[in-house]
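Asker: Can you read through this structure? Questions will come right after.
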Amino acid sequence: MSNTPHTPYSDTFTLAGRSVKRLGYGAMQLAGPDVFGPPKDHAGALAVLRAAVANGINHIDTSDFYGPHVTNQLIREALHPYADELLIVTKIGARRGADGAWIPAFSRAELTQAVHDNLRNLGLEAMEVVNLRSMFGTHGPAEGSLEEPLTVLAELQQQGLVRHIGLSNVTPTQIAQGRSICNIVCVQNHYNLVHRHDDALIDTLARDGIAYVPYFPLGGFTPLQSSTLSAVAARLGYTAMQVAIAWMLQRAPNLLLIPGTSSVAHLQENLAAATCVLPADAVKELDGIAAIGS
């Protein structure tokens with residue numbers, strides 16, 4: 001179980017030398033169905049991005065394989081030239097097939113091309129943070145050496161195209177290997193109120209000042225469903241997703257959340273969760289969800 005604090009928490013954390021709001025925005029849902037092709041509502045996608053920044057979000061997570069190319073081009077259209085305080089984080093290590101399949105892309109040529117594609121489509125001269133996404137397991141971390149692809153990424157860093165490096169979809173062993181090759185500023189894995197396999201890892205990274213950025217913080221393509229979560233939310237007067245966000249913000253100081261949405265109204269609902277402080281009894285109930293599966 002977590003050692004969850006029950007007092008107000010900091011709303012910022014340092015990532016890549018920047019102080020970022022712990023509640024950011026993930027751009028994946030701006031692409032078409034199954035993160036492939038253009039959005040149904042182009043103007044609406046631009047409006048969500050602009051609303052995010054207007055409401056103080058300064059951490060946007062993206063990738064050029066969303067679409068592919070779609071979300072980065074939308075970000076550039078909506079927000080370029082970027083505010084100095086805005087941190088855009090991308091990831092490489094995969095590509096999309098013509099049928100939308102997610103295909104490993106770990107060769108030197110593919111990784112180098114991916115960095116250049118991100119730079120071009122975002123309109124940047126250097127990426128602040130690039131996460132290497134391990135593809136040994138498509139639906140979760142699986143062991144395998146990251147030495148070769150990380151060495152390529154470290155070389156791109158030395159060339160000035162990448163300023164900071166992170167890891168995604170990785171095991172503790174891969175994180176240790178990565179940290180022996182270069183400085184790792186963040187880890188991005190699947191984690192939420194129900195999916196809590198990384199509890200111990202989060203605490204270890206927190207002690208080392210490394211950000212943990214959970215993807216699918218609200219369940220991803222299948223939103224979180226729990227009778228306990230629903231009951232706690234009803235009792236406190238919040239939505240279930242607001243409670244799920246608030247629980248993660250209180251879980252550990254290094255958790256940076258990037259819930260995605262293509263709706264301005266949903267974005268506002270997510271942002272409101274930053275003001276929700278859960279009482280100790282509610283946290284105890286929520287902590288038990290992963291154990292009982294309810």
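Asker: Which residue is farthest from Tyr212 (Cα to Cα), if the candidates are limited to the range 89-135 and must be touching a His at 6+ places or on another chain (Cβ under 9 Å) and open to solvent by less than 10 Å² (accessible area, probe 1.4 Å)?
Answerer: Step by step, filter the range 89-135, then rank; the result is Leu122.
Asker: Also: Somewhere in the range 205-223, is a residue assigned to a helix (DSSP H, G or I), closer than 19 Å to Leu15 by Cα and under 18 Å from the mean Cα position of the chain (by Cα)?
Answerer: Yes: one or more hits.
Asker: From Val194, Val187, which residue is hydrophobic (A, V, I, L, M, F, W, C) and assigned to a loop (DSSP other than H, G, I, E, B)?
Answerer: Every option except Val194 fails the conditions.
Asker: Of the conditions (1) at pLDDT 95 or above; (2) in contact with a strand residue (DSSP E or B) (Cβ under 9 Å, 6 or more places away or on another chain); (3) open to solvent by 10 Å² or more (accessible area, probe 1.4 Å); (4) not in a strand (DSSP E or B), Arg163 satisfies every one except a single condition; which number is it?
Answerer: Condition not satisfied by Arg163: (4).
Asker: Also, I was wondering about something else. Checking the condition at pLDDT below 95 and closer than 19 Å to His190 by Cα, which residue from Ala291, Ala274 passes?
Answerer: The unique qualifying residue is Ala291.
Asker: Okay, next question. Can you find, within the range 47-71, the residue that is most open to solvent (accessible area, probe 1.4 Å) among those that are within 23 Å of His116 (Cα to Cα) and assigned to a helix (DSSP H, G or I)?
Answerer: So the residue we want is Val70.
Asker: Which residue is nearest to Asp11 (Cα to Cα), if the candidates are limited to the range 238-250 and must be open to solvent by 10 Å² or more (accessible area, probe 1.4 Å) and of a type in the set (A, V, I, L, M, F, W, C)?
Answerer: My answer is Met241.
Asker: So, in the range 192-237, exactly how many residues are open to solvent by 60 Å² or more (accessible area, probe 1.4 Å) and at positive phi?
Answerer: 1
The values are calculated or read from the model by the stated rules, or taken from the named source; none is laboratory data. Note that the structure is a prediction, hence the values are computed from the model and not measured. We place every Cβ from the backbone using ideal geometry, glycine too, and count neighbours over all the protein chains shown. Just so you know, the surface numbers come from the protein's heavy atoms only, side chains and all, with ligands and any DNA or RNA stripped out. Shrake-Rupley method; radii C 1.70, N 1.55, O 1.52, S 1.80 Å.
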